[in-house]
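The values are calculated or read from the model by the stated rules, or taken from the named source; none is laboratory data. A quick note: this is a predicted structure, and the numbers were derived from the prediction, not measured. Cβ placement follows ideal geometry from the backbone for every residue including glycine, while neighbour counts extend to all protein chains displayed.
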Amino acid sequence: MLDIVIAVDGSENALEAVRHALKLCSANAQIRLHLLNVQPPLPLAVSKFVNHHVIRAFQQEEGQKSLTAARALLDQEKIPYEWYIAVGDVADAIVSYAKDKHCEQILMGTRGLSSLPSLLLGSIATRVLHLAEVPVTLIPRKRRK
């Protein structure tokens, strides 16, 4: 079984990565998908005034919102998957999840920049590429006419 983690942040760019995974699944039934959303930790000052359980519930709710469209695409195609919401540094969490779940590949959407700015990857993608011990595939956003 080939395990692939897809970093999902609720953006159209992330959905392109999910669409790419759908193509992979249609060509290989031995793929298991893992949707991962990473919520940023709230500033320490917030945790002094807001209960930990309230913060965690908020992060879970925001993560669910970010995963909704990706889950709908996979559900529509009847593709099985696991999903998880992590809290922490995004790049570290993606790489850590991939390692913990023994994923052999990481899929991520790109920001869809054009021309010269596209040569500079986003800081999260750059860090994932640097930290990952498995192949990282960056999926560009398709240009809509």
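With respect to Ala57, determine if the residue is of a type outside the set (Ser, Thr, Tyr), outside any strand (DSSP E or B) and surrounded by 19 or more Cβ atoms within 10 Å (Cβ to Cβ).
For Ala57, the condition - of a type outside the set (Ser, Thr, Tyr), outside any strand (DSSP E or B) and surrounded by 19 or more Cβ atoms within 10 Å (Cβ to Cβ) - is not met.
Evaluate region 78-86: report whether one residue or more is of a type in the set (A, V, I, L, M, F, W, C), assigned to a loop (DSSP other than H, G, I, E, B) and free of Cβ contacts under 8 Å to residues at least 60 places away in the same chain. Yes, region 78-86 has at least one match. Criterion applied to Ala57, Ala21 was being hydrophobic (A, V, I, L, M, F, W, C) and at pLDDT below 95, and the one residue passing it is Ala57.
Please state which one of Val87, Val95, Val38 is among the aliphatic types (A, V, I, L, M), within 16 Å of the chain's Cα centre (by Cα) and farther than 21 Å from Leu138 by Cβ.
Numbers: Val95 fails: farther than 21 Å from Leu138 by Cβ; Val38 fails: farther than 21 Å from Leu138 by Cβ.
That would be Val87, the only listed residue that is among the aliphatic types (A, V, I, L, M), within 16 Å of the chain's Cα centre (by Cα) and farther than 21 Å from Leu138 by Cβ.
Looking only at residues that are free of Cβ contacts under 8 Å to residues at least 60 places away in the same chain, small (Gly, Ala, Ser) and in a helix (DSSP H, G or I) in region 17-54, which one is surrounded by the most Cβ atoms within 10 Å (Cβ to Cβ)? For region 17-54, the residue satisfying everything is Ser47.
Reported count of residues in region 104-115, each being over 13 Å from the mean Cα position of the chain (by Cα) and modelled with pLDDT of 95 or more, is 1.
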